[in-house]
Amino acid sequence: MSNKIAGFFSFLMKDKIIAKSGFNRWLVPPASIAIHLCIGSVYAWSIFNPALIKELGVVTSSSGDWSLSNVVWIFSVAIVFLGLSAAVAGKWLEEVGPRCVGVAAAFLWGGGFIIGSIGISTHQLWLVYLGYGALGGCGLGLGYVSPVSTLLRWFPDKRGMATGMAIMGFGGGAMIGAPLIASLLKFHAVAPTYLGTEGAVTLITEAVSYF
């Protein structure tokens, strides 16, 4: 069974991605920059903070909402795992090639968002840390090293330019990600229905919350 699985994913290995003679190396930078633009959106994390601390309260924070100190460290966890995974991925990248590492990065980065969203919908903060912070951070690290390594191999005569193009994409991710995230949050935000003044509705107390 394991041999069949390995055979199915063999097209990701580096011996299957040898470019044909005459391949235009300038087709590589746009793909590498696009990857870094995607993962560079991590630097727009602060856009999520106001929404996360008003998840239940919607208009303003409620007693059951997370505090800013609870959610602000998620970004730090993601960056820590970025560094750790990038350090480990170097040797693995040499063994399997950039395509395999890039696909793993996509699954980790995208899967981290999905798990984090489940944590938000169920109000389980640890799932947000696990998804976006740990798994997403590993996706960041793998997604970072794969394009850089590839560009350096395709441009051995322009190594500084190759590295600069990749870093440009990573840094520019927040520039594109911040307004995109803000617009999506605004589009999907649902304001609570106005029920009337305090005297017009029945209020009850459950635990420490007032409904």
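The values are calculated or read from the model by the stated rules, or taken from the named source; none is laboratory data. Source: prediction; values computed, not measured. Glycine also receives a Cβ, built like all others from the backbone with ideal geometry; neighbour counts cover every protein chain displayed. Just so you know, the surface numbers come from the protein's heavy atoms only, side chains and all, with ligands and any DNA or RNA stripped out. Shrake-Rupley method; radii C 1.70, N 1.55, O 1.52, S 1.80 Å.
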Worksheet, complete the sentence: Per-residue ellipticity at 222 nm attributable to helices in the chain (runs of n ≥ 4 DSSP H, -39500 (n - 2.57) apiece, nearest 500 deg cm²/dmol) works out to -19500 deg cm²/dmol
Worksheet item: How far is it, in nm, from the label point at Y194 to the one at E95 when both lie 7 Å from their Cα along the line to the Cβ?
Response: 6.3
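Please express the shape of the range 121-211 as an equivalent ellipsoid: the semi-axes are the square roots of 5 times the eigenvalues of the C-alpha gyration tensor, given largest first in whole angstrom.
On the way: eigenvalues 467, 61, 10 Å².
Value: 48, 17, 7 Å, ordered largest first.
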Worksheet item: Which residues does a label at L203 reach in the range 61-80, if reach means a backbone N under 14 Å from a point 7 Å past the Cα toward the Cβ?
Response: 63
Worksheet item: How large are Rg and Dmax for the range 38-136 when only the alpha carbon atoms are used, in Å?
Response: 15.2, 51
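Using a 1.4 Å probe on the protein heavy atoms, what percent of the accessible area of the chain belongs to carbon and sulfur?
Details: 8930 of 12660 Å².
Carbon plus sulfur share of accessible area: 71 percent.
Can you tell me the equivalent ellipsoid semi-axes for the chain? Use √(5λ) from the Cα gyration tensor, largest first, whole Å.
In descending order the semi-axes read 43, 19, 14 Å.
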Worksheet entry | Degrees separating the helix 136-154 axis from the principal Cα axis of the chain, which is the longest one | 30
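Using a Förster distance of 45 angstrom, determine the FRET efficiency expected from the C-beta separation of F23 and Q124, and round it to 0.05. Provide the component values of the computation, followed by the final result.
Details: r = 47 Å, r/R0 = 1.05.
According to the calculation, E is roughly 0.45.
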Item to complete: Determine how large the accessible area of L184 is when every protein chain is in place; take a 1.4 Å probe and give Å² rounded to the nearest 10.
Response: 90
Worksheet, complete the sentence: Taking K54, K16 and ranking on accessible area (1.4 Å, protein atoms only), highest first, one gets K16, K54
Worksheet item: Considering only protein heavy atoms, what per residue accessible area in square angstrom results for the chain with a 1.4 angstrom probe?
Response: 60
